[in-house]
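The values are calculated or read from the model by the stated rules, or taken from the named source; none is laboratory data. Since the model is a prediction, treat every value here as computed from it, not as a measurement. So basically every Cβ, Gly included, is an ideal-geometry build from the backbone, and we count neighbours across all protein chains shown. Quick note on the areas: whole protein, heavy atoms, side chains included, nothing else; ligands and nucleic acids left out. Shrake-Rupley method; radii C 1.70, N 1.55, O 1.52, S 1.80 Å.
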Amino acid sequence: VVDDFSEYLDAHITLGFKKTGEDFRARADADKLYIAVRNILDNARQAINNGAPGRIDVELVDRGQSIELRFSDNGCGMSDETRSRLFQPY
């Protein structure tokens, strides 16, 4: 997903990927996971798409019995109003 998504980024946005560990096997719906990761990356892209230098980082961590997937960016963030509606369905 990260490799595919890098094609959609403007030149001022850098996309980093780091993995820690060795075993990243999981029982998951690959299509739904792909869509979820892509949506998170797209939200990050939109938050920093103002022409200023931007950075999106993705980290995949092997936690033994689980896998941790971390996202960070230097975008504008969310307003208090948006944050209050974060888990409401469309």
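Sort out which residues of segment 1-25 are aliphatic (A, V, I, L, M), surrounded by 10 or more Cβ atoms within 10 Å (Cβ to Cβ) and over 12 Å from the mean Cα position of the chain (by Cα), and write them in order of number. First the steps, then the outcome.
Pass one, segment 1-25, residues aliphatic (A, V, I, L, M): 1-2, 9, 11, 13, 15.
Checking which are surrounded by 10 or more Cβ atoms within 10 Å (Cβ to Cβ) leaves us with 1-2, 9, 13, 15.
Passing the criteria: Leu9, Ile13.
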Would you point out which residue out of Phe71, Phe87 is assigned to a strand (DSSP E or B), within 23 Å of Leu33 (Cα to Cα) and of a type in the set (Phe, Trp, Tyr)? Phe71
I'm told Thr82 meets every condition in (1) exposed (fewer than 10 other Cβ atoms within 10 Å of the Cβ); (2) in contact with a Phe, Trp or Tyr (Cβ under 9 Å, 6 or more places away or on another chain) except one. Can you identify the failing condition by its number? (2)
Considering only residues that are assigned to a loop (DSSP other than H, G, I, E, B), at pLDDT 90 or above and aliphatic (A, V, I, L, M), which ones fall in segment 16-36? Ala28
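Per-residue answers, yes or no, for (1) part of a helix (DSSP H, G or I); (2) without any contact (Cβ under 8 Å) to a residue 24 or more places away in the chain; (3) of a type outside the set (S, T, N, Q):
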residue: Thr14; (1), (2), (3): no, no, no
residue: Arg38; (1), (2), (3): yes, no, yes
residue: Ala52; (1), (2), (3): no, no, yes
residue: Leu60; (1), (2), (3): no, no, yes
Are any residues in segment 39-76 open to solvent by 50 Å² or more (accessible area, probe 1.4 Å) and either at positive phi or of a type in the set (Val, Ile, Thr) (or both), and if so, which ones? Ile40, Gly51, Gly64, Ile67
For Tyr34, the lone unmet condition from (1) over 12 Å from the mean Cα position of the chain (by Cα); (2) surrounded by fewer than 14 Cβ atoms within 10 Å (Cβ to Cβ) is (1)
